[in-house]
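What follows is one structure encoded as structure tokens, with my remarks underneath.
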Amino acid sequence: MFAIDSGAPLFGLVVAIDGIVKHLRPGWQAKIKVIDLGIKPSLQRRLLKWASARQILIDIVDGGSLPLEGLSSRGHLSVATYARLFLADLLPNISRMIYLDADLVVARDLVELWETDLKGMAIGAVPDYDDILLADSPALRYASSEFADKSDKCFNAGVLLLDLDKWRASRVAETLLGFSKRYADQTVLCDQDALNVCLSGQYYHLEKGWNARSAFFTRKAPFEWVYDSLPRQLRDASLTGPAIYHFAGPYKPWNGGVRHPCLRSYAIELWKSRWMHWWEWPGYAASALLPPFLRRMLESQ
């Protein structure tokens with residue numbers, strides 16, 4: 001499941017889907033659902049045509065009527081990020097789901113993640129790499145009085161394994177929306193703040209390899225084919241081999257400038273997806289190579 005709005009580049013979604021399908025074990029078929037929060041009709045048609053040529057099942061779910069009023073956006077995050085709070089309502093007949101942001105690369109079979117036992121919890125997520133506790137998080141200090149378990153670790157919400165039956169039964173969405181509206185003027189990472197605060201002590205800790213983020217890229221070469229070639233002493237012992245490479249934060253391989261550690265590797269994945277027309281590559285390259293500070297200067301003029 002993905003949620004996409006009008007401001008998100010669709011090639012990110014395509015690269016993520018392509019990785020899912022390529023690494024899926026024989027006998028399994030991924031059923032991809034995309035919440036449409038403003039995708040242009042022409043791009044919808046292009047996406048479905050791309051998927052059909054590869055026999056990929058994609059269902060576009062209309063999210064235009066979601067009650068997003070009273071919710072705030074922050075920086076590179078739009079109100080579309082709150083769509084994941086409504087998954088159980090949008091898909092009432094689905095019991096289990098993997099939610100993914102559209103700024104990642106899947107490098108391993110997701111069936112292993114799908115079959116993870118959540119031990120009766122509604123959600124599974126990867127704790128932050130530096131193991132920050134809620135009580136020590138400056139970003140969440142504004143909501144310290146609401147921590148369900150301040151000794152639990154913060155997590156990133158870009159990769160989630162969801163038990164939607166448990167989610168519905170526990171009325172999780174109502175709790176999260178209530179928090180998000182109460183702190184609309186103070187939230188730092190939108191619904192991720194709500195998930196961390198309200199579900200602390202109540203989420204299953206997934207293995208770190210399921211959500212390898214920016215801290216990983218600064219230490220290790222990107223993507224599994226490079227990672228596996230590293231000498232053993234240079235590998236992160238806490239990772240069995242990254243399964244999902246997630247470009248969390250405002251700077252992605254397509255807008256992070258020449259110094260982004262995944263610039264080349266991501267371009268290769270995008271090329272292999274066969275999504276881009278030849279005339280789109282020069283614009284992509286310009287956006288990817290331009291230093292962020294220079295892009296900000298140009299956009300401000």
(message) Per 0.36 nm of contour for each residue apart, how much would the distance between ALA169 and GLU207 grow if the chain were fully extended, relative to their Cα-Cα spacing?
(response) 11.1 nm
(message) Output wanted: per-residue J couplings in Hz (rounded whole) for segment 18-31, from phi through Karplus 6.51 cos²θ - 1.76 cosθ + 1.60, θ = phi - 60°, x for Gly and Pro.
(response) 4, x, 4, 5, 5, 9, 6, 5, x, x, 10, 9, 7, 10
(request) Along Cα→Cβ, 7 Å out, is where each label goes; now give me the distance between the ones at TYR142 and ILE60 in nm to one decimal. (result) 3.5
(message) Once R0 is set to 41 Å, what does the formula 1/(1 + (r/R0)^6) return for the Cβ-Cβ distance between LYS272 and ASN93, expressed as a FRET efficiency to the nearest 0.05?
(response) 0.75
(request) List the residues whose amide H sits under 5 Å from the amide H of VAL61, counting only those 5 or more places along or on another chain, with H placed 1.01 Å from N in the peptide plane. (result) VAL34, ILE35, ASP36
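If you keep only loop residues by DSSP, which chymotrypsin sites (Phe, Trp or Tyr not before Pro) in segment 1-45 have at most 14 other Cβ atoms within 10 Å of their Cβ?
Those that pass, being in a loop and sparsely packed, are TRP28.
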(message) Can you order the peptides 257-267, 131-141, 276-286, 157-167 by their average number of other Cβ atoms within 10 Å per residue, highest first?
(response) 157-167, 257-267, 131-141, 276-286
(request) Give LYS150/LYS208; LYS150/LYS252; LYS181/LYS252; LYS153/LYS272; LYS119/LYS252 a once-over and call out the pairs whose C-alpha atoms are over 25 Å from each other. (result) LYS150/LYS252; LYS181/LYS252; LYS153/LYS272; LYS119/LYS252
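Rule-based calculations on the coordinates, nothing more; no lab input. None of these values were measured; they are calculated from a predicted model. Using ideal geometry, Cβ is built from the backbone for each residue, glycine included, and neighbour counts are taken over all protein chains shown.
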